[in-house]
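Participant: Just dropping this structure here.
The values are calculated or read from the model by the stated rules, or taken from the named source; none is laboratory data. From a predicted model like this one, the values you see are computed outputs, not experimental measurements. Every residue, glycine as well, gets a Cβ built from its backbone with ideal geometry; the counts of neighbours run over all protein chains shown. Keep in mind that these areas ignore ligands, DNA and RNA; they rest on the heavy atoms of the full protein, side chains included. Shrake-Rupley method; radii C 1.70, N 1.55, O 1.52, S 1.80 Å.
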Amino acid sequence: MSTTPLPELVEELLDGCRPVPIVSAGVAVLRQPALPYDGQLSDDQLDRLLGAMRETMHNAPGVGLAAPQIGVPLRIAVIEDPAEVASEVREARGRVPQPYRVLVNPSYEPLGDARAAFFEGCLSVPGWQAVVSRPERVRLRGQDETGRAVDEEFTGWPARIVQHETDHLDGVLYVDLAETRSLSSAQAVADHWSQPTPTAAARALGFPLPGNHGPHGREGTQGTP
């Protein structure tokens, strides 16, 4: 982890090119637990950092971005998903719009036993996707950017987003949790596996899917948190 004081590190980042470059897998900051945020930055710095993170997320484009993905080792993430997808995809994947919001010091726990296996991508692992089985419902605790406590339930695709971003803050990438035989280039997914669920991909590539019993009977989705 960088020895540069966090305020200096953030200021250097914000003084650089925009959108801020995204760190790719293989850099240590993505593999180390991020530091809990407890006011290390001024209000102005935090506000500008969040603005830069949102800009970078939009530019990528993605539906979530964790601070370590731009080299800042703090437990902060932003999410936003317009969910502009076809109705059959929305139904199969439980993908509903999520407004922009900030997650500070988030943690999650599964609610129930239902799991959903979806194709997943990551802005820090560009060009690849793989199927990851995750809890269908989670309880998320943490704070927002003002310090207000957050304690909410998420289901479907929004649950996947908050899990993916929180995992980043623990030094975990989606590939650590993925079915390795499902690993596919983004082009292969677009050409062959863009169906609402990964059932066909599982049969062709030879990887298992969990028995899903959630409200959508889901077996898969694609996206890039």
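Participant: Of all residues in segment 92-121, count the ones that are surrounded by 15 or more Cβ atoms within 10 Å (Cβ to Cβ) and over 17 Å from Arg139 (Cα atoms).
Facilitator: Qualifying residue count, segment 92-121: 8.
Participant: Still on this structure, I have one more. Mind listing just one residue for me: the one in segment 53-62 that is open to solvent by less than 50 Å² (accessible area, probe 1.4 Å) and in a loop (DSSP other than H, G, I, E, B) and, of those, nearest to Asp81 (Cα to Cα)?
Facilitator: So in segment 53-62, the residues open to solvent by less than 50 Å² (accessible area, probe 1.4 Å) come out as 53, 56-57, 60, 62.
In the following step, the residues that additionally are in a loop (DSSP other than H, G, I, E, B) were identified as 60, 62.
Working: Ala60: 13, Gly62: 8 Å.
Ranking the qualifying residues of segment 53-62, first place goes to Gly62.
Yes/no per residue for (1) touching a residue at least 40 places away in the same chain (Cβ under 8 Å); (2) surrounded by fewer than 20 Cβ atoms within 10 Å (Cβ to Cβ); (3) closer than 22 Å to Val78 by Cα; (4) not hydroxyl-bearing (Ser, Thr, Tyr):
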{"position": "Leu123", "(1), (2), (3), (4)": "yes, no, yes, yes"}
{"position": "Arg141", "(1), (2), (3), (4)": "no, yes, yes, yes"}
{"position": "Glu152", "(1), (2), (3), (4)": "no, yes, yes, yes"}
{"position": "Thr166", "(1), (2), (3), (4)": "yes, no, yes, no"}
{"position": "Ala190", "(1), (2), (3), (4)": "no, yes, no, yes"}
{"position": "Gln195", "(1), (2), (3), (4)": "no, yes, no, yes"}
{"position": "Thr199", "(1), (2), (3), (4)": "no, yes, no, no"}
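Participant: Restricting attention to segment 17-46, which residues are surrounded by fewer than 16 Cβ atoms within 10 Å (Cβ to Cβ) and either among the hydrophobic types (A, V, I, L, M, F, W, C) or in contact (Cβ under 8 Å) with a residue 60 or more places away in the chain (or both)?
Facilitator: Of everything in segment 17-46, those that are surrounded by fewer than 16 Cβ atoms within 10 Å (Cβ to Cβ) and either among the hydrophobic types (A, V, I, L, M, F, W, C) or in contact (Cβ under 8 Å) with a residue 60 or more places away in the chain (or both) turn out to be Cys17, Ser24, Ala25, Val27, Ala28, Arg31, Gln32, Pro33, Pro36.
Participant: Read through the list (1) more than 22 Å from Pro198 (Cα to Cα); (2) of a type outside the set (Ser, Thr, Tyr); (3) part of a loop (DSSP other than H, G, I, E, B); (4) open to solvent by 70 Å² or more (accessible area, probe 1.4 Å), then give the number of the only condition that Val72 fails.
Facilitator: Against the list (1) more than 22 Å from Pro198 (Cα to Cα); (2) of a type outside the set (Ser, Thr, Tyr); (3) part of a loop (DSSP other than H, G, I, E, B); (4) open to solvent by 70 Å² or more (accessible area, probe 1.4 Å), Val72 comes up short only on (4).
Participant: While we're looking at this one, here's another question. Just for helices (runs of 4 or more DSSP H) wholly inside segment 155-210: which have at least 1 residues that are of a type in the set (Phe, Trp, Tyr) and closer than 19 Å to Leu123 by Cα?
Facilitator: Values: elements: 156-169, 186-192, 199-205.
Counting at least 1 such residues, we get 156-169.
Participant: Now, a different point. Please verify whether Val132 is more than 17 Å from Pro61 (Cα to Cα), of a type in the set (A, V, I, L, M) and open to solvent by 10 Å² or more (accessible area, probe 1.4 Å), treating the condition exactly as stated.
Facilitator: Values: more than 17 Å from Pro61 (Cα to Cα): yes; of a type in the set (A, V, I, L, M): yes; open to solvent by 10 Å² or more (accessible area, probe 1.4 Å): no.
It is false that Val132 is more than 17 Å from Pro61 (Cα to Cα), of a type in the set (A, V, I, L, M) and open to solvent by 10 Å² or more (accessible area, probe 1.4 Å).
Participant: Taking the options Leu65, Leu50, Leu30, Leu13, name whichever one is modelled with pLDDT of 95 or more and not in a helix (DSSP H, G or I).
Facilitator: On the way: Leu50 fails: not in a helix (DSSP H, G or I); Leu30 fails: not in a helix (DSSP H, G or I); Leu13 fails: not in a helix (DSSP H, G or I).
The match here is Leu65.
Each row is one residue, and each column tells you yes or no for (1) modelled with pLDDT under 95; (2) touching a Ser or Thr at 6+ places or on another chain (Cβ under 7 Å).
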{"position": "Arg95", "(1), (2)": "yes, yes"}
{"position": "Gly121", "(1), (2)": "no, yes"}
{"position": "Arg139", "(1), (2)": "no, no"}
{"position": "Gly147", "(1), (2)": "no, no"}
{"position": "Phe154", "(1), (2)": "no, no"}
{"position": "Tyr174", "(1), (2)": "no, no"}
{"position": "Ala201", "(1), (2)": "no, yes"}
